[in-house]
Amino acid sequence: MPDWLTFALGAIALSWVACFAAGSVWNLKRGNDALRWLRGALPALGSRTTMQWLGTSIVKLTIAQAKEPFRDIEILVAMEPRDVPLLWVYGHMHGRRDTLIFRGNLRRPPTVEVEAINPALWTGREGLGEVDLQAWSPVAIAAGESAATPPSYVTVAHGDSGPDQLRAWFARSTQLVPGLARLSVRRSATYQFQWHSTLPKLAAVSADDLVGLVRQIGQQAGA
């Protein structure tokens, strides 16, 4: 093998290792910052939380015995795959962002079913594949009700009160965190409740306010 090719392959390998290390450190820092931000708000959801890192890109918090209105709830902080540069670039181009996910089941079956989905973001696009749009009623979201651009969202509902509930929940969510990716309340699904957004600027948004919003939506959904 020519010396230049050996040198080039060695340089590529070292660059790959350096990118993996830098990306892993970056994601671990982002995840730990998010955990510190969430810590004080978690008791409102349950007294005991189990934490698990899934690689260096996802940290999962599980509350098996949650407080009202939830029976159980999980919180995921899913980072972009910065430790694999090609996947990072591809994912970022296709709407992959650092994402905060709340998902769980309610103590009482929801009285309405709603979906607000942003297909431009990766979890929204995945959620779109779980909804048979022909079986749902479309909901118009008035432009004055939120900071988001309504045409970017797919908003549908079941039930007479579903559209009004969805508009209210959508407005509160996007006022607090403009990067809403999905808001889902379903009677029969793996998770009856889901709320996804891009990870907010931690210094600008209160974790207590966000957890309070999640609990409020869950309470109203089961009322």
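Couple of notes before you dig in:
- For region 153-182, the set of residues classified as open to solvent by less than 10 Å² (accessible area, probe 1.4 Å) and among the basic types (K, R) consists of R182 only.
- Within region 173-204, the residues that satisfy the criterion of being modelled with pLDDT under 95 and β-branched (V, I, T) are T174, V177, T190.
- The residues in region 72-96 that are under 27 Å from A221 (Cβ atoms) and out of contact with any Gly (no Cβ under 7 Å at 6 or more places or on another chain) can be counted, and the count is 4.
- Subset of region 187-198 [in contact (Cβ under 8 Å) with a residue 40 or more places away in the chain, surrounded by fewer than 20 Cβ atoms within 10 Å (Cβ to Cβ) and over 17 Å from G95 (Cα atoms)]: R187, A189, Y191
- Residue within region 55-69 that is closer than 17 Å to L199 by Cα and open to solvent by 40 Å² or more (accessible area, probe 1.4 Å) present: yes
- Screening F102 against (1) aromatic (F, W, Y); (2) in a helix (DSSP H, G or I); (3) under 16 Å from R182 (Cβ atoms) leaves a single unmet condition, (2).
The values are calculated or read from the model by the stated rules, or taken from the named source; none is laboratory data. From a predicted model like this one, the values you see are computed outputs, not experimental measurements. Neighbour counts are summed over all protein chains in view; Cβ atoms, including those assigned to glycine, are modelled from backbone coordinates with ideal geometry. Accessible surface areas use protein heavy atoms only, side chains included; no ligands, DNA or RNA. Shrake-Rupley method; radii C 1.70, N 1.55, O 1.52, S 1.80 Å.
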